[in-house]
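Only one structure is covered here, and it is reproduced in the block below.
The values are calculated or read from the model by the stated rules, or taken from the named source; none is laboratory data. Treat the numbers as computed from the prediction; the structure is a model and nothing was measured. When we count neighbours, we look across all protein chains shown, and the Cβ atoms used for this are built from the backbone with ideal geometry, even at glycine.
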Amino acid sequence: MTTRTNQYLMLKVLVLAGVLGLWSADLAQAQRRVTVKTPRRGHVVRVLPRGHANVTVRGINYDAVGGAFYRPHARGFVVVAPPLGARVTVLPRGAVRVTRGGVGYYRHNDVHYRPVRTNGVTAFVVARF
């Protein structure tokens with residue numbers, strides 16, 4: 001083998017080792033448990049979290065993200081109880097499936113979401129349990 005071939009082979013080994021090292025670091029990070037806490041009702045934030053969506057229920061506007069619903073407040077936005085009938089497209093992380101009277105719901109922080117399918121799209125409606 002020539003010196004140039006050895007250098008090329010060494011470069012391949014180093015690149016492969018680097019890629020495998022990055023992959024294993026990503027895998028280890030993904031396997032760690034992630035705890036996401038929803039802010040308590042009454043908590044005030046100055047700026048809404050990223051990814052919030054506007055939700056209107058019975059003519060009242062809310063902003064929702066990750067299972068928390070916000071209303072405007074003098075110092076920013078305050079976390080409020082999820083309004084019955086609010087429709088969200090994504091369940092909060094950590095929601096668990098529960099069944100009552102043969103009907104399936106999802107529960108997250110004592111809030112129950114009933115899956116509803118409209119035009120082939122599933123959404124989740126805040127419901128009384």
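Numbers for the structure displayed
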quantity: Qualifying positions in the range 46-91 - surrounded by fewer than 13 Cβ atoms within 10 Å (Cβ to Cβ) and touching a Pro at 6+ places or on another chain (Cβ under 8 Å); calculated: ARG58, ILE60
quantity: Qualifying positions in the range 100-122 - among the hydrophobic types (A, V, I, L, M, F, W, C) and either exposed (fewer than 15 other Cβ atoms within 10 Å of the Cβ) or not assigned by TED's automatic domain parsing to the domain that holds GLY85 (or both); calculated: VAL103, VAL116, VAL121
quantity: Test: residue in the range 21-41 that is more than 18 Å from ALA123 (Cβ to Cβ), over 18 Å from the mean Cα position of the chain (by Cα) and modelled with pLDDT of 95 or more; calculated: no
quantity: Which numbered condition PHE129 fails, given (1) closer than 20 Å to TYR70 by Cα; (2) assigned to a loop (DSSP other than H, G, I, E, B); calculated: (1)
quantity: Candidates LEU84, LEU91, filtered to the one that is at pLDDT 95 or above and assigned to a loop (DSSP other than H, G, I, E, B); calculated: LEU84
